[in-house]
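Below is one structure, written out as structure tokens; comments come after it.
The values are calculated or read from the model by the stated rules, or taken from the named source; none is laboratory data. Computed from a predicted structure; not experimentally measured. Here Cβ is always computed from backbone atoms with ideal geometry, including for glycine, and neighbour counts include all displayed protein chains. In case anyone asks, the SASA skips ligands and DNA or RNA and just uses the protein heavy atoms, side chains included. Shrake-Rupley method; radii C 1.70, N 1.55, O 1.52, S 1.80 Å.
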Amino acid sequence: MLVATWRQLDADVSLREVYQFEVWYRLHQRSTWVYALVLFGIPFLMMHAIDGSSLPLNAPVMVTNGATIMGAIAMLITAGIFGDAAARDEQARIHSLFYTSPLKESHYLTGRFCGALTMNAILLLGVPLGLLLASVMPYMSAGKFGPVQLMAYVQVYVLLLLPNLIIIGACMFAAAALTRQPLATYLGGLVLYAVGTIAGDLTDGLSNLLLSALVDPFGGRAIALVTQLWTPAESSARLLGWPGVLVLNRVLWFVVAVVVVAVLL
């Protein structure tokens, strides 16, 4: 019993060390700070560039739309981070040193994945922060923005950006780890996109809108279902909230991501 406990403790320490090293490594890469600038700067400038809209640019629906656009751009950054984490040692030809050490491959990959996920999640905070900061700039023209609702930015991160990162990151990391090629992350993303597209096409003709919303891995159909009957007044001020169909979609695809990572490990 004591031996088993000691081995488990040793494994936990090893996993934590891999995780800490991955976070430390990513913090010391110039690309990380370029990614941070991109994810903060583009949404900030995007709010400046939009000249006319029927809704306030910081209306919850508009914040969601802006985050959706940035989520697509962020997929490229996610691919770079997870591809590097999964295949960096293979490319440097030092992977044999790790795989022949007492450190288990599953702990090694878990630490790498969690480290990459943590850093990417922090970088993604730049999206709602950029959108929020642009809306409170004193030089912006009157009427372009409405009252600031902080919960709109929290919800778009918790319900859209972060779950999509976990889902996409799991598929990309698995593809890169299995092929030992960082460019395979794009294949993982394409497979996920294809699955969502095909599933959406198959359910488009169905009367069951809930099923159509659930099969979308990115949550867009669920959001559209929730907001489709909103009046212009509601779209201008109403928070997305925590609708059951969207929460169920997020939980379902989170489970898929966990399964993908579990199979890999």
*When region 45-55 is examined, which residues are found to be surrounded by fewer than 21 Cβ atoms within 10 Å (Cβ to Cβ) and either assigned to a helix (DSSP H, G or I) or not small (G, A, S) (or both)?*
L45, M46, H48, A49, I50, D51, L55
*asked:* Among the residues of region 167-179, are any modelled with pLDDT under 90 and farther than 24 Å from L124 by Cβ?
replied: yes
*Go through the residues of region 186-208 one by one and say whether even a single one is more than 23 Å from I69 (Cα to Cα), among the aliphatic types (A, V, I, L, M) and modelled with pLDDT under 90.*
yes
*Restricting region 209-230 to residues that are open to solvent by less than 20 Å² (accessible area, probe 1.4 Å) and in a helix (DSSP H, G or I), which is modelled with the lowest pLDDT?*
S212
*Restricted to region 56-109, and to residues that are part of a loop (DSSP other than H, G, I, E, B) and small (G, A, S), which residue is modelled with the highest pLDDT?*
A59
